[in-house]
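Notes for the one structure printed next.
Just so you know, all these numbers are worked out from the coordinates, no wet-lab data involved. It should be emphasised that the depicted structure is a prediction, and the values quoted were computed from it without experimental measurement. Here the Cβ is made from the backbone with ideal geometry for all residues, glycine too, and neighbour counts use every protein chain on show.
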């Protein structure tokens, strides 16, 4: 985030630079013969000379199909001669090794005095208890909001899916299985997979849920991978020894025990529209494009950051990677190439205003025109799996006890990953323990979106303790994932991110034992949160890994480590303006003698010693060149994720999401098919309304005079249809509606739990002053009624009435509960399913087009968050009303109210 200059010259005075250039010139001259050598490439990371034994073994046709280039061109692409190439050519290669351009590490790491940032606190509760954010750059970059990670963006709890199939353990002989750790028994794979497929063939509900397959308590032996179809949950009866235990066995080693995902995200880059902004800050919800007419609210898009070579060079990720350690090690490194770092952010458009797109989830990094800018193009998620789950299981991988860890090639004949999720959205893994896996308990991959992993444990891993193994919980792709309240032991990377992973991603309230490093692991993972992560013998890092591996480089950007406890918490600051990494708060024990190896490793591998980018050790667990705040004590709030969630959806709803406690099914307290006499269950405000019941439902029409026709008489042409019954507490309202009119005037509204303000004659029981609403002027309602309203305008508006006082003065914000949400349009002739979940401090609306099953909106408002700072008065009891403005005509049916 600091001003930068060329990495090649950064650490060299002019005389030294001249000497270096002479040496480089001499070196290139002496290696001219090797540079001009013709080599052949047929894929992989090696090339061959014509005398290579491997090249000679190929037939003429195969040789002719190989790409021909010079050795110099091959090395520029990060390709090296194979080990079988003749020694004289290899020796020429040795004369052309890159030199180191950086300073070595000092013998002793100095301890610097910690100086608090003038920006602190960067995030903190304001006077009303809600978080206040400060930008950390003069271009508006800010800390991200991680509350929209997880299933359904953490707006609602994970559902309890009804059981459709029950399976019990198979009976049969249990026999020793050679040197395998567990015996072999009757294979249950076919029975379980057939049951999963049978449920997968059922018709989904409006959410996409089809049902659960319940595996009764006991032990199941499974000799192949299980595939969980879209809309299906695989559930056990507990993850303890007396619960449901699945013992998986593979004859080859590797692979995934349980797989979730189907289809793929369709991309349409040929329809890309360029981003018009010179700069889009990190944490932005909005960006401008050259032409937004191609986009609409509700569309899924990719926002692609199209970086150029300047971006790579400013970060020091180009040729410099080969010159950190230099020599043979440097020759193995692969400089980053712009074409390999085109970052894809999957987003849904919330609103389109002019040429400005507002996104439902913020962007985790900046997009600067000087660094190549960006573009937006459509995406189609329609074929992805959705609402898949794995629950309450103990997953065990059998393994060969005779195998020794001799390196990466050691094959213990066990599965690699317990649950692998790709090409699936709004799915989950919960209450699952896994044992003896090579790689991960849960691996989230390409095409995955909004997955929650919670209350899970990675135990007793079996496999090489080296690169490519033991990543307990890994976000290797997708976006919007949440890992909550999980446990890992004996992993190399307990809570990890992969290359080019575009957040937000959140690891929250989780523990690692005997672990090594939790981190975004390599090549620019953005938007990670490590919130209340505890590891007494590991570390947490967001750093430049420099020339680690084949050139991991910057592993993390805009990663926050919040109120965590580890012996080493290391954050470094990328060179680009809009990015930083943050360590805020510390919850561990205060002590003397923290280890400085975290900054030693990061500075050495990145080549930052004696440069402005050098990370510092302050004598605390928190160290580096990134933003550090409160290195010796926790900050408020204790959990950033949890407070962000509370701010967004309210305390009560947030606690429901976080507790994940099963909730009793709501009880039906009112039900009307709306095909009979409407006067049995309803009464009417308005003298010009029309109501007519039929087998199709209840036709309801407002009057015909609009405000444009007569600015006084039009008030009488509104109408409200009220339930005779009042409803108290938390309720769920559902019904179907079909639009009849084609009018472009007015709108329809839903009134929720309406009562009068209590001042005579506007008594709480609104039926007692129904005669005062024979002309249902809207001013009567927003002045003299307590209620929540949903207005189905071009953008959904949730308001709290009254929003003007009895002297007819407007309240600030006019009762609006932000945000207003674009959702599309309710079209004539189409039928829609409406579901409204009203809680004490939240309101959720789900609107689905019935025939296509398309979900137009699923949004939750925090109903305590009334704009203008009005003290919230919660709506608790009252009637439900359907309001039509003049000319509006709908048919309603299957109206139901349920009590939570």
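Results, tabulated for the structure shown:
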item: Rounded tilt (10° steps) of 640-649 against the dominant C-alpha axis of the chain; result: 20 degrees
item: Rg/Rh ratio calculated on Cα atoms of the stretch 712-855 (Kirkwood radius); result: 0.96
item: Extent along principal axes [Cα atoms of the stretch 226-274; Å; largest to smallest]; result: 57, 28, 18
item: Folded to 0 to 90 degrees: helix 597-606 orientation relative to the chain principal axis, Cα; result: 70 degrees
item: C-alpha center-to-center spacing [the stretch 645-701, the stretch 805-877] in angstrom; result: 13 Å
item: Efficiency of FRET between residue 99 and residue 68 - r from beta-carbon atoms, R0 25 angstrom, step 0.05; result: 0.30
item: Length gained when the stretch residue 744-residue 592 is fully extended (0.36 nm per residue, less Cα-Cα span); result: 47.6 nm
item: Per residue, the convex hull volume that the Cα atoms of the stretch 142-274 enclose (Å³); result: 214 Å³
item: Debye intensity ratio in log₁₀ form over the Cα atoms of the stretch 519-584, taken at each q of 0.11, 0.25, 0.26 Å⁻¹; result: -0.23, -1.03, -1.09
item: Cα long-axis angle, helix 189-200 against the chain (0 to 90 degrees, to the nearest 10); result: 40 degrees
item: FRET efficiency for residue 873 and residue 772, using Cβ-Cβ distance with R0 set to 25 Å, rounded to 0.05; result: 0.65
item: Where a label projected 7 Å from the Cα of residue 206 along Cα→Cβ would reach, residues of the stretch 874-900 with amide N under 14 Å; result: 892-898
item: Inter-centroid distance (Cα atoms) of the stretch 141-204 relative to the stretch 375-443, Å; result: 11 Å
item: The stretch 405-515: relative contact order as a whole-number percent, Cα under 8 Å and 6+ apart; result: 24 percent
item: Residue 692 paired with residue 84, simple spin-label distance in nm, labels 7 Å along Cα-to-beta-carbon; result: 8.6 nm
item: Cα gyration tensor shape for the stretch 442-564, rounded if a/c is under 1.5, else prolate or oblate; result: rounded
item: Relative contact order (percent, whole number), the stretch 813-852, Cα cutoff 8 Å, 6+ residue spacing; result: 32 percent
item: Taking the C-alpha atoms of the chain, convex hull volume expressed per residue in Å³; result: 199 Å³
item: Whole-angstrom gap from the stretch 334-348 to the stretch 444-497, using each part's C-alpha centre; result: 23 Å
item: Residue 780/residue 198 FRET efficiency (R0 45 Å; Cβ-Cβ; nearest 0.05); result: 0.20
item: Distribution of pairwise C-alpha distances over the stretch 266-380, 5 Å bins, in %; result: 2, 12, 20, 21, 15, 9, 8, 6, 4, 2, 1, 0
item: Stretchable slack from residue 134 to residue 795, in nm (0.36 nm times residue separation minus alpha-carbon distance); result: 235.0 nm
item: Antiparallel DSSP beta bridges within the stretch 124-272, as percent of all bridges there, nearest 5; result: 15 percent
item: Spacing of the two label points (7 Å from each Cα toward its C-beta) at residue 668 and residue 404, in nm; result: 6.9 nm
item: Gained length - residue 759 relative to residue 709, 0.36 nm times residue gap less alpha-carbon distance; result: 14.6 nm
item: Within the chain, helix-based [θ] at 222 nm, where runs of 4 or more DSSP H residues each add -39,500 (n - 2.57), nearest 500; result: -3000 deg cm²/dmol
item: Relative contact order, percent, the chain [alpha-carbon distance under 8 Å, six or more residues apart]; result: 10 percent
item: Reference-scaled alpha-carbon Rg (2.2 N^0.38 Å with N residues) for the stretch 682-749; result: 1.29
item: For the stretch 113-154: rounded, prolate or oblate by the Cα gyration tensor [a/c cutoff 1.5]; result: prolate
